[in-house]
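All remarks here apply to the structure that follows.
Every read-out reported here was derived from the displayed coordinates using simple, explicitly stated rules and does not represent laboratory data. Remember, it's a predicted structure, so these values are computed and weren't measured experimentally. Cβ coordinates were reconstructed from backbone atoms using ideal geometry, including for glycine residues, and neighbour counts include every protein chain displayed.
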Amino acid sequence: MFMKKINIEASKMTPSVFIDIDNGIFEMEGRSLHESPNELFNTILKALKDYESLKNKKPIKFIFDFEFVNTASTRKLYQILNVIKNFEGNIKWYYEYDDESIQDLGEFFKEMISDGSIDFDIIGKPEE
């Protein structure tokens, strides 16, 4: 048996994470600065395996909305994207209009998993 919902609050070093396995919803938002992000990202990878094991799963909806991502987190994000690239559903990668580094990272990841079947949208958020 696995946890059907996971809700992790953001800290100064880690993003918030919300996962609803039954509905195929995975969300990460905030800053990912931790130099050893394995614990957080392994929780997400385990939840993806649990999702993958569902017999009648809904299409996945994976939302990334980062302010900053360090190199260690980038490596773990790539692992996640490689797991979900052939799932049915979509990825939404949000960035602030003036944040070229997060936009470029989304473009990089989209290209890296372009051999997969999942839709990957990169969306600029309007200025507030």
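Once Lys and Arg get +1 and Asp and Glu get -1 on their Cβ, which of 93, 120, 23 lies farthest toward the positive end of the dipole of the chain? Of the options given, the answer is 23.
Here the stretch 1-116 is assigned +1 on the Cβ of each Lys and Arg and -1 on the Cβ of each Asp and Glu. Its dipole about the Cα centre then comes out at about 720 debye.
Here the gap between residue 72 and residue 117, fully extended at 0.36 nm per residue and compared with their Cα-Cα distance, gives a gain of 13.6 nm. Report the paramagnetic label zone for residue 88: residues of the stretch 50-78 whose backbone N is under 12 Å from a point 7 Å from Cα along the Cα-to-Cβ axis. Those under the cut-off are 55-60. The residues 92, 5, when put in order of fewest to most other Cβ atoms within 10 Å, stand as 5, 92.
In this label model, residue 46 and residue 98 are separated by 4.1 nm, measuring between points 7 Å along each Cα→Cβ vector. A cut-off under 11 angstrom between Cβ atoms defines the neighbours of residue 21, and their net charge, with Lys, Arg +1 and Asp, Glu -1, is +2.
Go ahead and collect, in residue order, the members of the stretch 21-36 whose backbone nitrogen is under 19 Å from a label point 7 Å along the Cα-Cβ direction of residue 125. Once the point is set 7 Å along Cα→Cβ of residue 125, 26-34 turn out to lie under 19 Å by backbone N, inside the stretch 21-36. Distance from the C-alpha centroid of the stretch 73-128 to that of the stretch 1-57: 16 Å, rounded to the whole angstrom.
Scalar couplings 3J(HN,Hα) for the stretch 33-46, obtained by applying the Karplus form with A = 6.51, B = -1.76, C = 1.60 to θ = phi - 60°, are 10, 4, 6, 10, x, 4, 4, 4, 6, 5, 4, 5, 4, 5 Hz; x denotes Gly and Pro.
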